[in-house]
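Taking it in order: structure first as structure tokens, then the write-up.
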Amino acid sequence: MSAVPAIAVRDLSKTYEVPVREGGLAAALKSLVHRQTRQVEAVKEINFEVAPGEIVGFLGPNGAGKTTTLKMLSGLLYPSGGQCRVLGFEPFKRQRDYLRQITLVMGNRNQLIWDIPVLDSFERNRAIYRIERTAYQRTVDELTELLDLGPLLDKPVRNLSLGERMKCEVAAALLHKPQILFLDEPTIGLDVTMQRRIRSFLAEYNQRYGATVLLTSHYMADVEALCKRVVVIHHGQLLFDGQLSELVQRFSPHKTIVVELENEGSDLSVYGEVVDGVDGRVSLRVPKAETAQVTGRLLSEQAVLDLTVEDPPIEDVIEQVFAGV
Amino acid sequence: MTGLFDIYTTLFRTDLAVQFQYRAAMVIWLIGRVIEALVFLSVWTAVAESQGGQVGGFSAGDFAAYYIIMMMMGHLTFTWFMYEFEFRVRSGSFSPLLLQPLHPIHRDIAMNISYKLLTLVVMLPTMFLMVGLFDPTFNTPTWAVWAAVPVVLLAFLMRFFVEWALALVALWTTRTEAANQVYFAALLFFSGQMAPLALMPEWVQSLSALLPFRWMLAFPTELLLGRLEPEEVLQGLAAQVIWLGLAWGMMGLVWSRGVRRYSAVGS
């Protein structure tokens, strides 16, 4: 970890007060007189740091507190406790110098103006972020090339497909070349090709400008492609902070042995749990500690054409993490 | 300063482009405004004629002039933010505005003015057409036309800030229709829209002098009809400046509290 982290979070908490009311008219009337609320701890004293230039995956199931954390870090939400500093700023003060260096992209929210060509929305951001014209033009050219925006720029946003719009949203959010990117489900609802495109673009942006990225996604492919390090939260608490590979090591007690045999149809259930069997290739789930022994037995007892030992898919590992809580 | 000028010219340009997309809706809005003026004008003209040509010092021609000017004042000063903010908060489109390095009020000023400029292209010919059709009586001295420049500008600004501040109620509750209704009913009554304030009971006239509505609409209208003495205009300007200061202060206060509340509860 570098001496001065880009993002530093200490005991950060957020508690919401939500009204409680049962269904029905009687409860509705009662709530008029006596309004009941309860405290919901969306984020509970989490700690982590992100070094400049690092890409960190922020993982957790729905309602884990990911978006709340991103909102606190970007400055939209005031923390209930603890503190966070981003580039040395306290985000909730929303100082202009801070806002000019960050961006928050939410996959399900639009910032582009629906009725006018994409380039006009870009122009508004140029003026609002006070980007110098030549620098702006250069950035638009670069982003156009990287994201293949050429044919989209003069189209009204309402005429774009979801994927096209998302590419333009991402570009609009990066025109001012932010040093910090908060990305909340940036690939949500996109097809695989478009997801890949956004992903490779983000990797390129990070390389080119040394930007720090904190990314949430339900698509593990995003996380695997972009993030060496992941922070996992669940019920507002931090469960894991470390390398993605370490997460797999720690939380997956199994390995998957994929084996192809000469004589298809042999029963391999004595070696482990058969989880898949397609075209003569059988996948066996075996306890991690027994992997070497089972592999040895398979090789000596069966006519093996091919054998590989794999870590389970990251989705399964994440499921394990949450199942264990 | 050059940065802010660039922001405003860019916002104007793009807002005009947006509004061009809604030509039909815009025309319907404008028709509504003209119909409103026509209804009041017809009713009061009929009343005047049934009373032997005059009501409280207003002839049919005076009513025509009054409602034509009132229509233009309504057009020049109105805002839609009390409805817009509720939508912004509900739809979540308020959050991105908070994360841009520009106070959202600048966007709203630019949008409002660009709308006014664009629609004047339709409103001015409509006004001249109504002048031709209803034979209004104007006794406007030249000084009053000049005095109308700061008066109309102040009326626009004070109404803008009052309504923008009230629109921020949406940061506490997204059910703002009820509060909006109360405001618009008061505006209709105390601004001289429903009837010239001179025809209203004494207590309404006294109360309207203490409320902001009169200074938004009735005051510039009466000035342009030549119904005010220079000292009344100076008093009116003073009232406008006081209300503008109050609205500005209220807006600043409500904004900082509203945003703090919004950032406490989220969206």
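In this structure, A:Asp222 qualifies as touching a residue at least 24 places away in the same chain (Cβ under 8 Å), of a type in the set (Asp, Glu), open to solvent by less than 20 Å² (accessible area, probe 1.4 Å) and away from chain B (no Cβ under 14 Å).
Listed residues A:Arg133, A:Arg138; which is open to solvent by 40 Å² or more (accessible area, probe 1.4 Å), basic (Lys, Arg), over 22 Å from the mean Cα position of the chain (by Cα) and within 12 Å of chain B (Cβ to nearest Cβ)?
Numbers: A:Arg138 fails: within 12 Å of chain B (Cβ to nearest Cβ).
Being open to solvent by 40 Å² or more (accessible area, probe 1.4 Å), basic (Lys, Arg), over 22 Å from the mean Cα position of the chain (by Cα) and within 12 Å of chain B (Cβ to nearest Cβ) holds for just one of A:Arg133, A:Arg138, which is A:Arg133.
So is A:Gly53 away from every other protein chain (no Cβ under 13 Å), of a type in the set (Gly, Ala, Ser) and open to solvent by 10 Å² or more (accessible area, probe 1.4 Å) or not?
Working: away from every other protein chain (no Cβ under 13 Å): yes; of a type in the set (Gly, Ala, Ser): yes; open to solvent by 10 Å² or more (accessible area, probe 1.4 Å): yes.
Yes: the conditions hold for A:Gly53.
For (1) more than 17 Å from the chain's Cα centre (by Cα); (2) of a type in the set (Asp, Glu), each residue gets a yes or a no:
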{"position": "A:Val50", "(1), (2)": "no, no"}
{"position": "A:Glu54", "(1), (2)": "no, yes"}
{"position": "A:Gly60", "(1), (2)": "no, no"}
{"position": "A:Gly63", "(1), (2)": "no, no"}
{"position": "A:Thr67", "(1), (2)": "no, no"}
{"position": "A:Leu70", "(1), (2)": "no, no"}
{"position": "A:Leu77", "(1), (2)": "yes, no"}
{"position": "A:Cys84", "(1), (2)": "yes, no"}
{"position": "A:Gly88", "(1), (2)": "yes, no"}
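Residue by residue through region A:149-158, note down the ones that are surrounded by 13 or more Cβ atoms within 10 Å (Cβ to Cβ) and away from chain B (no Cβ under 12 Å).
First, pick out the residues of region A:149-158 that are surrounded by 13 or more Cβ atoms within 10 Å (Cβ to Cβ): A:149, A:152-153, A:155-157.
A:Leu149, A:Leu152, A:Leu153, A:Lys155, listed by residue number.
If we scan region B:87-96, do we find a residue that is of a type in the set (A, V, I, L, M), within 14 Å of chain A (Cβ to nearest Cβ) and over 26 Å from A:Gln101 (Cβ atoms)? Scanning region B:87-96, I find at least one residue that is of a type in the set (A, V, I, L, M), within 14 Å of chain A (Cβ to nearest Cβ) and over 26 Å from A:Gln101 (Cβ atoms), so the answer is yes. Of A:Arg124, A:Arg96, all but one fail to be more than 16 Å from A:Leu73 (Cβ to Cβ), within 8 Å of another protein chain (Cβ to nearest Cβ) and surrounded by fewer than 20 Cβ atoms within 10 Å (Cβ to Cβ); the exception is A:Arg96. Annotation: of all residues in region A:105-121 being open to solvent by less than 20 Å² (accessible area, probe 1.4 Å) and out of contact with any Leu (no Cβ under 6 Å at 6 or more places or on another chain), the one that is farthest from the other protein chains (Cβ to nearest Cβ) is A:Gly107. Looking at A:Asn62, is it open to solvent by 50 Å² or more (accessible area, probe 1.4 Å) and in contact (Cβ under 8 Å) with a residue 60 or more places away in the chain? The answer is no for A:Asn62. Every condition in (1) in a helix (DSSP H, G or I); (2) in contact (Cβ under 8 Å) with a residue 24 or more places away in the chain holds for B:Leu129 except the one numbered (2). So which residues in region A:262-316 are of a type in the set (Val, Ile, Thr) and in contact with a helix residue (DSSP H, G or I) (Cβ under 8 Å, 6 or more places away or on another chain), if there are any at all? Within region A:262-316, A:Val286, A:Val304, A:Val309, A:Ile314 qualify.
Among the residues of region B:59-106, those that are among the small types (Gly, Ala, Ser), under 24 Å from B:Leu11 (Cβ atoms) and open to solvent by 10 Å² or more (accessible area, probe 1.4 Å) comprise B:Ser91, B:Ser93.
Within region A:16-38, take every residue that is in a loop (DSSP other than H, G, I, E, B) and open to solvent by 90 Å² or more (accessible area, probe 1.4 Å) and give me the one that is farthest from the other protein chains (Cβ to nearest Cβ). Break it down stepwise before answering.
Filtering region A:16-38 for residues in a loop (DSSP other than H, G, I, E, B) gives A:21-24, A:34-35.
Next, from what is left, pick out any that are open to solvent by 90 Å² or more (accessible area, probe 1.4 Å): A:21-22, A:34-35.
Details: A:Arg21: 15, A:Glu22: 21, A:His34: 19, A:Arg35: 13 Å.
Selected residue: A:Glu22.
Scanning region A:160-204 for residues that are open to solvent by less than 50 Å² (accessible area, probe 1.4 Å), part of a helix (DSSP H, G or I) and of a type in the set (Val, Ile, Thr) returns A:Val170, A:Ile198. Checked against the criterion of being among the hydrophobic types (A, V, I, L, M, F, W, C) and either surrounded by 15 or more Cβ atoms within 10 Å (Cβ to Cβ) or within 14 Å of chain A (Cβ to nearest Cβ) (or both), the candidates B:Phe184, B:Phe213 yield just one match: B:Phe213.
Conditions tested, residue by residue: (1) at pLDDT 85 or above; (2) surrounded by fewer than 14 Cβ atoms within 10 Å (Cβ to Cβ); (3) closer than 13 Å to A:Pro253 by Cα.
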residue	(1), (2), (3)
A:Gly265	no, yes, no
A:Asp279	no, yes, no
A:Val286	yes, no, yes
A:Gln293	yes, yes, no
A:Gly296	yes, yes, no
A:Leu299	yes, yes, no
A:Leu307	yes, no, no
A:Gly324	no, yes, yes
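If the condition is being within 14 Å of another protein chain (Cβ to nearest Cβ) and either among the aliphatic types (A, V, I, L, M) or on the phi > 0 side of the Ramachandran plot (or both), then region B:1-38 contributes B:Met1, B:Leu4, B:Ile7, B:Leu11, B:Leu16, B:Ala17, B:Val18, B:Ala24, B:Ala25, B:Met26. Close contacts from region B:238-252, counting a first residue that is buried (at least 16 other Cβ atoms within 10 Å of the Cβ) and a second that is outside any helix (DSSP H, G or I) and modelled with pLDDT of 95 or more, with Cβ to Cβ under 6 Å and a gap of 6+ residues or different chains, come to B:Trp243/B:Pro212.
Quick one: which helices (runs of 4 or more DSSP H) sit completely within region B:163-267 and have at least 3 residues that are modelled with pLDDT under 95?
On the way: elements: B:177-190, B:202-210, B:213-216, B:218-224, B:230-265.
Those helices (runs of 4 or more DSSP H) span B:177-190, B:202-210, B:230-265.
Going through (1) more than 10 Å from chain B (Cβ to nearest Cβ); (2) open to solvent by 60 Å² or more (accessible area, probe 1.4 Å); (3) modelled with pLDDT under 95 one by one, A:Ser80 falls short only on (1).
The values are calculated or read from the model by the stated rules, or taken from the named source; none is laboratory data. The structure displayed is predicted, hence computed values, not measured ones. FYI the Cβ positions are ideal-geometry reconstructions off the backbone, even for glycines, and counts take in every protein chain you see. Accessible surface areas use protein heavy atoms only, side chains included; no ligands, DNA or RNA. Shrake-Rupley method; radii C 1.70, N 1.55, O 1.52, S 1.80 Å.
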